[in-house]
Each structure stands twice: as structure tokens, then as C-alpha cells.
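The next block holds one structure in the form of C-alpha cells; read it before the comments.
The values are calculated or read from the model by the stated rules, or taken from the named source; none is laboratory data. Because the structure is predicted, anything quoted here is derived from the model rather than measured. Using ideal geometry, Cβ is built from the backbone for each residue, glycine included, and neighbour counts are taken over all protein chains shown.
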Amino acid sequence: MNAHFPAGFRWGSATAAYQIEGAAAEDGRTPSIWDTFSRTPGKVRNGDTGDTATDHYHRSREDIALMRELGLTDYRFSLSWSRVLPGGRGPVSQKGLDFYRQLADELLDAGIRPVATLYHWDLPQELEDAGGWPERATAERFAEYAGRAAEALGDRVGTWTTLNEPWCAAFLGYGSGEHAPGRTDERAALRAAHHLNLAHGLGVRALRAALPASAEVSLTLNLHALRPHTDTPEDRDAVRRIDAVGNRIFLEPVFHGRLPEDLVADTAALTDWSFVHDGDLAAIAAPIDSLGVNYYSPAVVAAGSSAAPSPWPGAAGHVRFVPLPGPRTAMDWPVDADGLHELLVRLRDELPGVPLLVTENGAAYDDYADPEGAVHDPERVAYLAAHLAAARRALADGVDLRGYFVWSLLDNFEWAHGYGRRFGIVHVDFPTGRRTPKDSFRWYREVIARNGLPPR
Ligand code: GBH
């Protein structure tokens, strides 16, 4: 098969504000829920925080030089809400905006398109104190923030993503409590999911009002590639439940303006969904220009029961996850590139006419710099090669895939795992911040230069 990608295919890498910026208290930034959570003993491995992270706030020039060397066409980053709007609501911080303005200008000078995400999990703490995502007002605050950011940066940033992985924000943040703000309340998590959807819809409206017509407005979901353990009706029903609360809870409102009926039934003991007001679903279904998909691993699901607190309201007592055989990454996530192909083909069939981007894909391994200062990461190269081959197969099968972004450019603050998990194609020495491109960096540079996979 032709290993090349279509002309104009977008080759990117991705990061997120709290994971790389540092400068947590500089230039007027106020704490987010991740600042609070990481300072709470026992929540993040080793007590790590994003106070300094990779210090990208002070090293962005060096990082853009690396991106230029890599040959990226696109760079996906997120804005820190509380850097742009300290305290979560107006007035804007000029210094905060200046950082992103300059970042965008330097990217454009390097020939790299900026792709900005408004929300990658760092809710301003003041808004959490007012109730957080389970409260409807948070969605309204988000739309105001989206409008302010677009007014300030819309002349430079052409691609906007409202939210990154609202499933994680809702269900890891308010359901299982593995992520900030660390709450364990299934009802609150369902309310959070709806208000994240609403934030997306109101945010799209605010972005359209502030941006030129040429702007691309998008949403990124961590869609779950699911397989039944066996072909029995019981295992198929377990897949249906996880699909409802993992995937369709976002896909149906956003693309069809409706709630999944089976999810409403599955969660009837928890909520009557009266937090969904008239007009919400129409607002959530505001048309978008593309869908971003983050993919790491598939999951195999069987009828059974899994431990509480769970990030799967309405499903937890009915499903269990069956470990996949085969190789795993340092996150203990299975390596299975077919899942990416399965997911993309499903979206081709279910969302005709919606251009897709793989906005995250990558793997953590225990990388270290050898005495010569080289970082050899053959497993990451193999992971990326297999997943790009799966993406290429999806293209051959008629998937409208427009681009691919490696997670991540830099080793960074890996949420509850702190600095103990490395996803970068550039090694970062903590705490000095010294950057060393890994072998996977040079391999990806070759992929981009050829617009396709190199021969093995
Ligand atoms: C992404 O999250 C994030 O966007 C990014 O910030 C992060 O650094 C990166 O991935 C690596 O973690 O909960 O049982 O379904 C991905 C989060 C990973 C959440 C896989 C769901 C599956 C286990 N997803 N995980 S389960």
C-alpha cells in the first residue's frame, strides 16, 4: 500500500498548558483546580505539581525552534483560563494574553499553524469554589472566556478547539476522583458532562461571533474504542453501556442534538436529567468544522461488575474491563493500533461529512539519556509507526482524516502520575528543564519530510 499521506496532511504535536507552562503564579495567573489538587497530599505521585513543569512559559522560543527543526505544520497547545482571565472571569490579563499572542506570532514566523484549545482541564479554582462543572453557570463563564480569547487571538490563531476530552474532565474529575477536583459523586459527574457539552455549544457560538468566517472550530474527544469480550448479548450490552456514557453522551448531543435514550434509562436511579433545559441540546449541536479524536488504547468489555468509585455512571455495576494480552506501555495501557482504525472507520460511518483529526496519540516509556546524551526510544517509534500505519489504512478506507498530532512534544506533568511518566518525543530533564530530542523525534521528522512512513 502507498505509504504516503494526502497532500496538505497536517503534521502536528500537542501539549497542554498546565502540563508544560510552569510560571504558575506569574503575570497575574491565579490557581486552577490542578494547582489545588496537585498540592493536596496523596493526589499526585511524588507530590509533583505544575509550578515549574517544563518551564515552557520561559522557554517557548527554544521549543518553537525544536518544532521548526521537526518540520511541524501545526502545533496544538492549550490556553490557561486563569492566565487569560484571572479568577475565571473578566477583565482579561494583558500579560497573560501577550504570552499567547507572542507564541502564535512566533509559530506563524516558523511556518507552523497554531491550534488552540480553550479548556484542557484547568478550571480556575474560583469557579470550582462556586460549584464547578456540575453548575450551569460554569458553562456561561466558559462562553465569556471563549469570546475574550477569540477577540484577542483570532487574527493569529485559525483553529480553535473548545474542550479537550470532556469525558475525563467530568468522570475522572467528579466521578472516580482520579483527576482534579477529585470529587467522587456520580450525579455530579453527569451534571458536569452536560455542562461541559453546554460550554462547548455556547463556546462555539461565542467563537463564531468573534472569529473570521475562515476560522476552524472544533472539539476533541477521547473516544473509547470498544470490543465485546465475547459475542454474547450480555457482553454486547456491557459495550452498549460503556459506549453510552463514554462516547455517545458527547457524540449524540453535539452531532444530533439529542441525549442517548439508553443512557437516560441506565442512569434513571441517579438522575432525571432535569438539569438539561429547553434549548440546551440545540445550542450544543451548533455546527463545528472538524472533530478531534485522542486515541491511546482500545478496551475489551464484558458483563460483570467493577469497583467503585467509578467513572462510568449507569454502567459500573454491569460491566468489567478485560485486560488485553500483548505489549503495554509504561502507563500499563495495551498497544493495539487496530483500535485506532476501528474508531476512525466508525466515525466515517456515523458522522459523514465531518473532517477528523487525530489530536493526540502517543505512548509513555521509561526513557533516559545515556552517557553520550542520546535518548533511544525504539518502543515509542514502533508505537507511532503502527498507529500511523493504522491511520493510513483508515484513509485508504475512505476516512476523511486531515491530520495527526503526536502526544507529546515534550515530557511533561502527566497529571496524577506527575513527572514519572514520559510521553515526549523530546526528553526533558527535571528540574533543569534541559531538552534532548529522542530518537522518535528524528524518526517523526523523517515522516513529516516524506509525508509518509519511512521504509522499515
Ligand atoms: C490524554 O488523556 C490527555 O489529553 C493528555 O493531557 C494526557 O497527558 C495524555 O492523554 C496521556 O495520558 O479510564 O478505564 O477508560 C488520555 C486519558 C487515557 C483516559 C486512557 C481514559 C483509559 C482507561 N485517557 N484512559 S479508562
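Considering R434, R421, R442, R450, which residue is closer than 23 Å to G50 by Cα, more than 23 Å from the chain's Cα centre (by Cα) and modelled with pLDDT of 95 or more?
Working: R421 fails: more than 23 Å from the chain's Cα centre (by Cα); R442 fails: closer than 23 Å to G50 by Cα; R450 fails: closer than 23 Å to G50 by Cα.
Selected residue: R434, the only one of R434, R421, R442, R450 that is closer than 23 Å to G50 by Cα, more than 23 Å from the chain's Cα centre (by Cα) and modelled with pLDDT of 95 or more.
Among residues of the range 101-128 that are under 20 Å from F9 (Cβ atoms), those with a beta-carbon under 6 Å from a residue that is in a helix (DSSP H, G or I) and modelled with pLDDT of 95 or more at least six positions away or on a different chain give the pairs A110/I64; A110/R68; I112/M67; P114/A104; P114/L107.
Residues in the range 33-40: is at least one assigned to a loop (DSSP other than H, G, I, E, B), within 16 Å of the ligand (Cβ to nearest atom) and within 25 Å of R183 (Cβ to Cβ)? Spell out the reasoning first.
Here is the first cut: in the range 33-40, the residues assigned to a loop (DSSP other than H, G, I, E, B) are 39-40.
Next, from what is left, pick out any that are within 16 Å of the ligand (Cβ to nearest atom): none.
No.
Scanning the range 188-232 for residues that are within 18 Å of the chain's Cα centre (by Cα) and of a type outside the set (A, V, I, L, M, F, W, C) turns up H194, H195, N197, H200, G201, G203, E216, S218, T220, N222, H224. Residues in the range 274-296 that are surrounded by 19 or more Cβ atoms within 10 Å (Cβ to Cβ), among the hydroxyl-bearing types (S, T, Y) and either free of Cβ contacts under 8 Å to residues at least 60 places away in the same chain or outside any loop (DSSP other than H, G, I, E, B) (or both): S290 alone. Each residue in the range 411-456 was checked for being within 22 Å of V293 (Cβ to Cβ) and hydrophobic (A, V, I, L, M, F, W, C), and 6 pass. Scan A369, A364, A307, A299 and give me the residue that is among the aliphatic types (A, V, I, L, M), within 11 Å of the ligand (Cβ to nearest atom) and in a loop (DSSP other than H, G, I, E, B). Residue meeting the stated conditions: A364. Exactly one residue out of V84, V92, V115 is within 19 Å of D35 (Cα to Cα) and of a type in the set (V, I, T), and it is V84.
In the range 399-450, which residue that is in a helix (DSSP H, G or I) and of a type in the set (A, V, I, L, M, F, W, C) is nearest to the ligand (Cβ to nearest atom)? First the steps, then the outcome.
First pass over the range 399-450, keeping only residues in a helix (DSSP H, G or I): 415-420, 439-450.
Now drop any that are not of a type in the set (A, V, I, L, M, F, W, C), which leaves 415-416, 441, 443, 447-449.
Working: W415: 6, A416: 9, F441: 18, W443: 20, V447: 20, I448: 21, A449: 26 Å.
That would be W415.
Of these, L198, L153, L190, which one is touching a helix residue (DSSP H, G or I) at 6+ places or on another chain (Cβ under 7 Å) and either without any contact (Cβ under 8 Å) to a residue 12 or more places away in the chain or buried (at least 24 other Cβ atoms within 10 Å of the Cβ) (or both)? Reasoning before the result, please.
Working: L153 fails: either without any contact (Cβ under 8 Å) to a residue 12 or more places away in the chain or buried (at least 24 other Cβ atoms within 10 Å of the Cβ) (or both); L190 fails: touching a helix residue (DSSP H, G or I) at 6+ places or on another chain (Cβ under 7 Å).
Just a single option satisfies the conditions, and that option is L198.
The residues on offer are A169, A180, and the sole one that is within 13 Å of the ligand (Cβ to nearest atom), of a type outside the set (V, I, T), in contact with a Phe, Trp or Tyr (Cβ under 6 Å, 6 or more places away or on another chain) and not in a helix (DSSP H, G or I) is A180.
May I ask you to list the residues in the range 316-347 that are in contact with a Leu (Cβ under 9 Å, 6 or more places away or on another chain), over 15 Å from Y296 (Cα atoms) and either buried (at least 18 other Cβ atoms within 10 Å of the Cβ) or small (G, A, S) (or both)? Answer for the range 316-347, where residues must be in contact with a Leu (Cβ under 9 Å, 6 or more places away or on another chain), over 15 Å from Y296 (Cα atoms) and either buried (at least 18 other Cβ atoms within 10 Å of the Cβ) or small (G, A, S) (or both): just L347. Considering R76, R83, the condition of being within 20 Å of Y145 (Cβ to Cβ), in contact with a Phe, Trp or Tyr (Cβ under 9 Å, 6 or more places away or on another chain) and in a strand (DSSP E or B) is satisfied by R76 alone.
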